[in-house]
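Notes follow the structure.
The values are calculated or read from the model by the stated rules, or taken from the named source; none is laboratory data. A quick note: this is a predicted structure, and the numbers were derived from the prediction, not measured. Neighbour counts run over all protein chains shown; Cβ positions are idealised from the backbone, glycine included. Protein only, heavy atoms only, side chains kept; ligands, DNA and RNA dropped before computing areas. Shrake-Rupley method; radii C 1.70, N 1.55, O 1.52, S 1.80 Å.
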Amino acid sequence: MPLSLAPMSTSYRRSTPSPLRSGIATLVLAVVASMTAFPNARSLQAASSDRPNIIFILADDQGFGDVGALNPESKIPTPNIDRIAAEGMIFGDAHTSSSVCTPTRYSVLTGRYHWRTHLQKGVLGGFSPPLISPGRLTIASMLKSQGYKTAGIGKWHLGWDWPLKGDGTADDGGDFSKPYAKGWDVDYEGEIKNGPNDLGFDYFFGISASLDMPPYVFVRNRVPTEKATVEKAFNRKGPAGANFEAVDVLPTFTEETVRFIDENADSEQPFFIYFPLNAPHTPIVPTDQWRGKSGINVYGDFTMQVDATVGQVLEALDKNNIADETLIVFTTDNGCSPAAKINELEAAGHDQNYIYRGHKADIYEGGHRVPFVVRWPGKVEPGSRTEHLIGQIDFLATAADITGATIPSDGAEDSVSFLPTLLGQAQQPPRQSIISQSIGGQFAIRDGDWKLCLCPGSGGWSSPRPGRHDMSNMPPMQLYDLASDPGEENNLIAEHPDRVKEMKAMLRKAIDDGRTTPGEKLANDAEIVMVKPLPKSKR
């Protein structure tokens, strides 16, 4: 079956590229029209000049099936997330760009695939240098240019420059698995550079990486709120503030977010809050109020506390009478982690990733198909649902569409607006194709309902696991028809060689062009290997 081009249904503006664009576009259409399903046109008229407040809540390691509105058989109550869904729209086919956290965050904030940077597998550490390069467009800088007051509150995990007591900055080489000795040489009274405040955020309060990665200190804007003077271990040992305790982090983030809403509710200036939670990621530390509440295990308890955090945000909007002026998103950075003790969840009849195979770190759907619910009163039909394919990477272009912003030709190069879908006006999905990666850097690409995984096994932590299971007798790739096989059980690679060839060509083009939206070719930050070698099995 030939692949079809899918016109893009976006209407936000992009600055005009050079005259070479038309010639390149003609050549591309002539040569590879049958090998791409990415959006192929962009109109030049903004759809809306509305400027709602925008809150983007990003939970950490929470699965698709951990939300009651998405999983009718869920055993973990999530009434507040369910409220957003009931009063807004559910996106049933929404994806992260990766099945782990750092790359997902990069794609959310920049509208660019993370694998165009040097980070093509794994995640950063707590002392890693910045992944977002200076001057790169972010959703915060874009909205700030549109008159928004911008705040980032929560887990950053995109690197920044920690100042050392002598010259230079910290660099753990991204190896978060080992203690970083120079963490004790960091000047915790010095100013952080190339962090959130340099990327469009007027205000930042949070932690540098995951809650199980040192240093264990809160940072307000550019400076920690206390010096790291003691050693603590929340799974990993490292420098910590004497007053910093893991159990306090989610409540503190929640209080900061509610305070920001309260302080800015009466302003004529709209606000944007990027609210990346530390939970229910490890360490799984619900407060005493929530411990034991799920009746399943501590992960279930912590997930209920995450829902309560969402409820406090909704309550703050209601209390300040700005719910009708606010667009709110709840989503997660990847699927549920094995650290949730999946066997205990399953014993209780709870499917943490619903009907989807795999979990965090995997190339399978359970790794990167995530909850994505949006409420925007007066704009989004309550109780609506769509199966249009979208990515979190598309939120930047969508916010630009909402606010009438112009996106430069070298910014948000993989972001496509889903505003027409959100408003119930789309005749077709905003995109036909999206690219995902596992923790090991293995690629998958969608074309409509077809999904091609360019590896055998999970590419991550579930079975068959690279380096742990022998995959020498397995087909080198996997092709699934998600329409008939959402659980990815029937590999059709042998039956459809032409489709495999075409989808590989789509991925190669996406890599080589440096973008998946129309425009001039752009350079990637590093060489990209399309098929990553898997570690040898330990038989």
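Per-structure values
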{"item": "Lone qualifier among Lys532, Lys504, Lys509 - being surrounded by 15 or more Cβ atoms within 10 Å (Cβ to Cβ), at pLDDT below 95 and under 22 Å from Asp447 (Cβ atoms)", "result": "Lys532"}
{"item": "Residue within the stretch 109-119 that is modelled with pLDDT of 95 or more, surrounded by fewer than 24 Cβ atoms within 10 Å (Cβ to Cβ) and within 24 Å of Ala339 (Cα to Cα) present", "result": "yes"}
{"item": "Any hit, the stretch 252-271, residues being open to solvent by 40 Å² or more (accessible area, probe 1.4 Å), within 20 Å of Ser208 (Cβ to Cβ) and modelled with pLDDT of 95 or more", "result": "yes"}
{"item": "Residue ID - nearest to Ala279 (Cα to Cα), chosen from residues in the stretch 213-264 that are in a loop (DSSP other than H, G, I, E, B) and among the basic types (Lys, Arg)", "result": "Arg236"}
{"item": "Qualifying residue in the stretch 89-105 (condition: surrounded by 22 or more Cβ atoms within 10 Å (Cβ to Cβ) and over 15 Å from the mean Cα position of the chain (by Cα))", "result": "yes"}
{"item": "Filter result for Gln427 (more than 27 Å from Leu119 (Cβ to Cβ) and out of contact with any Phe, Trp or Tyr (no Cβ under 7 Å at 6 or more places or on another chain))", "result": "yes"}
{"item": "Residue that is most open to solvent (accessible area, probe 1.4 Å), among those in the stretch 162-171 that are modelled with pLDDT of 95 or more and not small (Gly, Ala, Ser)", "result": "Lys165"}
{"item": "Where Pro475 falls short, out of the listed (1) part of a loop (DSSP other than H, G, I, E, B); (2) touching an Asp or Glu at 6+ places or on another chain (Cβ under 9 Å); (3) not acidic (Asp, Glu)", "result": "(2)"}
{"item": "Flag for Ala412 being open to solvent by less than 20 Å² (accessible area, probe 1.4 Å), among the aliphatic types (A, V, I, L, M) and part of a loop (DSSP other than H, G, I, E, B)", "result": "yes"}
{"item": "Which listed residue, of Val329, Val247, Val310, Val306, is in contact (Cβ under 8 Å) with a residue 12 or more places away in the chain and open to solvent by 10 Å² or more (accessible area, probe 1.4 Å)", "result": "Val247"}
{"item": "Count of residues meeting criterion [of a type in the set (D, E, K, R), farther than 23 Å from Ile434 by Cα and open to solvent by less than 80 Å² (accessible area, probe 1.4 Å)] in the stretch 461-498", "result": "2"}
{"item": "Matching residues in the stretch 492-519 - criterion: being more than 24 Å from Leu131 (Cβ to Cβ) and assigned to a loop (DSSP other than H, G, I, E, B)", "result": "Leu492, Ile493, Ala494, Glu495, His496, Pro518"}
{"item": "Those residues of the stretch 272-296 which are in contact (Cβ under 8 Å) with a residue 60 or more places away in the chain, surrounded by fewer than 22 Cβ atoms within 10 Å (Cβ to Cβ) and of a type in the set (Phe, Trp, Tyr), in sequence order", "result": "none"}
{"item": "Gln432 being polar (S, T, N, Q), touching a Phe, Trp or Tyr at 6+ places or on another chain (Cβ under 8 Å) and open to solvent by less than 10 Å² (accessible area, probe 1.4 Å)", "result": "no"}
{"item": "Residue ID - nearest to Asp212 (Cα to Cα), chosen from residues in the stretch 138-161 that are among the polar types (S, T, N, Q) and open to solvent by 10 Å² or more (accessible area, probe 1.4 Å)", "result": "Ser141"}
{"item": "Selection status of Ala41, at pLDDT 95 or above, open to solvent by 10 Å² or more (accessible area, probe 1.4 Å) and of a type in the set (A, V, I, L, M, F, W, C)", "result": "no"}
{"item": "Residue among Ile284, Ile363, Ile296 that alone is in contact with a Leu (Cβ under 7 Å, 6 or more places away or on another chain), part of a loop (DSSP other than H, G, I, E, B) and not aromatic (Phe, Trp, Tyr)", "result": "Ile296"}
{"item": "The stretch 174-189, subset open to solvent by less than 70 Å² (accessible area, probe 1.4 Å) and closer than 19 Å to Thr102 by Cβ, residue modelled with the highest pLDDT", "result": "Gly183"}
{"item": "Positions within the stretch 332-356 being surrounded by 21 or more Cβ atoms within 10 Å (Cβ to Cβ) and either of a type in the set (Phe, Trp, Tyr) or more than 23 Å from Ser99 (Cα to Cα) (or both), in sequence order", "result": "Tyr354, Tyr356"}
